[in-house]
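I have placed the structure first, in the form of structure tokens, so that the comments after it can refer back to it.
Any read-out appearing in this document is the output of simple, stated calculations on the displayed coordinates, not a laboratory observation. Owing to the predicted nature of the structure, the values given are computational and were not obtained by experimental measurement. Positions of Cβ are backbone-derived with ideal geometry, glycine not excepted, and every protein chain shown enters the neighbour counts.
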Amino acid sequence: MKIYDYCATEIAKMIKEKKLTSSEVVEELSERIDRVDDKIGAYVSLNKDSALEFAKELDEKEPNSKLYGVPVALKDNIVSYKEKTTAASKILKDYVGTYDATVVKRMKKAGVIPFGKANMDEFAMGSSTENSSVKNVSNPFDLERIPGGSSGGSAAMVAAKEAYIALGSDTGGSVRQPASLCGVVGLKPTYGRVSRYGLMAFGSSLDQIGVLARNTEDIAGLLEIIAGYDELDPTTSDIPVPEYTKLLDKELKDLVIGLPKEYYTKTLDKDVLDSINTAIEQLKKEGVKFKEISLPHTKYAISTYYIISSAEAASNLARYDGVRYCDRKSNESVEDMYVKTRTQGFGKEVKRRIMIGNYVLCSGFYDAYYKKASQIRRLIKEDFEKAFKEVDLILTPTSPVTATKKGEKISDPLTMYLSDIYTVCVSMAGLPSISVPTGMKNGLPVGMQLIGDYFKEDLILNVSNVYEKIRGQIEYPEMEEK
Ligand code: GLN
């Protein structure tokens, strides 16, 4: 086995036992990236020198955490000190972080090395990573296909073994959907579990930083490090952070899992359904009981989500006006500066969201769109609250289809928006959920989504971990001659 074949927890263990140094890990991984990333396009920047310097410092000290010495990649919308952070947008192409996001600060304290920035859809808007202004990302299982999005770079680099763990961000599915399409595990925590300080805002009431890795244990390990109250983000919760890694192996007997009938419709791809059904049968053998439930407001999810998220995006992106941060395009007049900077700096999809957002917020339409959407959001949340009186967890597909060909949906935004049909409700309710691979169909990975009640990350991770053991290994593509 090569160093990149191991998982993060194993690497940290070898470092602890002095069988390996952290500098060796960074060196090996960066060589792997050099050999493989031309095909994948997962990284937009790489801070090899600073990562190596940090690794050397760590090699001099004793480990203080379960992931000590392990490099972890950051999605390119997570700010890190003195490193480029561009949200894969032209408007921020030269922006260098002036501080560390809280997650980055916590990682460094635990001896986890921020290494590289992951490609993404510009400002996290998209479901295929085709909206990156930098380059396209390929799905490691089939280079002609999309990796999903918007955290497509994070998912693809983990599947291609160019990273052990990558952070992503999830506003309506951007961690879970690419995880599903690339055959890796992706967790979106409860809203308020992980600090958003230093995450470039898209939809502030929806955004959460999430974790992607090749197994559940690695995710649990990093979540322990980054989660918890942060005085710099008043929406974080002070509920204590459990030691997730110690709760992964509990028996699943007597657990009741709900299957929402609105998610299992005729439009669901047959291969996806087959794979999910196999997983359900495997879980039944562990003593899990299944029950049909209803989430009646699901049909309004996509329209509600795109109204709310675009409204918030329009407000959040107003700051990129040419005065600060970004690449100013004119000094003629204030108006000319705004117009030229934003016209040249933002891509098509971002402009579309800004227009939708301003439209639904403008005085004549506010009641009809934004207010109505906020009311429906409440009903969607109540659907889940009722469901969790009957069941412990909810199981659904993560994406209605496996990875599609590049270019297939990009010219049709409405079809693209439908990719998020199974993930957006969870985001609007602020609930935690994970996508776990259930296996392969026609050479492409399928994923299931496990949704938990608020702050039940421990239970989600527990079920995901036990399931992983019954399912067996996912074979990741080699990517190079061994
Ligand atoms: N695909 C969804 C969108 O384009 C979700 C994006 C996200 O979660 N960041 O808005």
5 Å is the cut-off here: which amide hydrogens, built 1.01 Å from N in the peptide plane, fall below it relative to Ile165, excluding neighbours closer than 5 in sequence? Ala73
Using a Förster distance of 41 Å, how high is the FRET efficiency between Asp49 and Lys381, based on the Cβ-Cβ distance and rounded to 0.05? 0.35
Tell me which of Leu222, Leu181, Leu247 sits at the most positive position along the dipole axis of region 154-308, charges placed on C-beta atoms (Lys, Arg +1; Asp, Glu -1). Leu181
Subtract the Cα-Cα distance of Val334 and Ser303 from 0.36 nm times their separation in residues, and report this length gain in nm to one decimal. 7.7 nm
In nm, to one decimal, how far is the modelled label at Glu57 from the one at Lys441, with both set 7 Å along Cα→Cβ? 4.8
Give a residue-ordered list of calculated ³J(HN,Hα) values for region 66-83 (Karplus: 6.51 cos²θ - 1.76 cosθ + 1.60, θ = phi - 60°; whole Hz; x for Gly, Pro). 6, 10, 4, x, 8, x, 10, 8, 10, 4, 6, 10, 10, 6, 9, 4, 6, 10
Towards the positive end of the charge dipole of region 48-155, with charges on Cβ (+1 Lys, Arg; -1 Asp, Glu), say which of Gly153, Asn131, Val72 has the farthest Cα. Val72
For region 292-375, with +1 on Lys and Arg beta carbons and -1 on Asp and Glu, the positive-most of Asn331, Ile356, Ile293 along the dipole: Asn331
Please give the charge dipole size of region 254-325, origin at the Cα centre, charges +1 on K and R Cβ atoms and -1 on D and E Cβ atoms. Round to the nearest 20 debye. 140
Note, ³J(HN,Hα) from phi for region 130-135, Karplus 6.51, -1.76, 1.60, rounded to Hz, x at Gly and Pro: 7, 8, 5, 7, 8, 6
Proximal aspartates and glutamates to Lys66, defined as alpha-carbon separation beneath 16 angstrom and excluding residues fewer than eight positions away on the same chain: Glu10, Glu17, Glu217, Asp218, Glu224, Glu243
Cα gyration tensor of region 128-187, axes a ≥ b ≥ c as square roots of the eigenvalues: rounded (a/c below 1.5), prolate (a/b > b/c) or oblate? rounded
Would you grab the residues whose amide H sits under 5 Å from the one on Tyr99? Only those 5+ places off in sequence or on another chain, please, with H modelled 1.01 Å from N. Tyr81, Lys82
Filter the DSSP H helices in the chain by two things, a Kyte-Doolittle mean of at least 0.0 and an axial alpha-carbon span of 18 angstrom or more, and list the hits by number. 301-316
For Glu292 and Asp142, compute 0.36 nm times the residue count separating them, minus their Cα-Cα distance, and round to one decimal in nm. 50.5 nm
Calculate for the chain the 222 nm mean residue ellipticity that helices alone would give, adding -39,500 (n - 2.57) per DSSP H run of length 4 or more and normalising by residue count, nearest 500 deg cm²/dmol. -11500 deg cm²/dmol
For region 38-132, what is the charge dipole size about the Cα centre, in debye to the nearest 20, if Lys and Arg each add +1 at the Cβ and Asp and Glu each add -1 at the Cβ? 200
Return, ordered by residue number, the residues of region 302-328 whose backbone nitrogen is under 15 Å from a label point located 7 Å along Cα→Cβ of Gln344. 321-323, 326-328
Honestly region 325-482 on the Cα gyration tensor test (a ≥ b ≥ c root eigenvalues; a/c under 1.5 rounded, otherwise a/b vs b/c for prolate or oblate) is just oblate
Let's see if you can work this out: charge +1 on each Lys and Arg Cβ, -1 on each Asp and Glu Cβ, no other charges. What is the dipole magnitude of the chain about its Cα centre, in debye to the nearest 20? 860
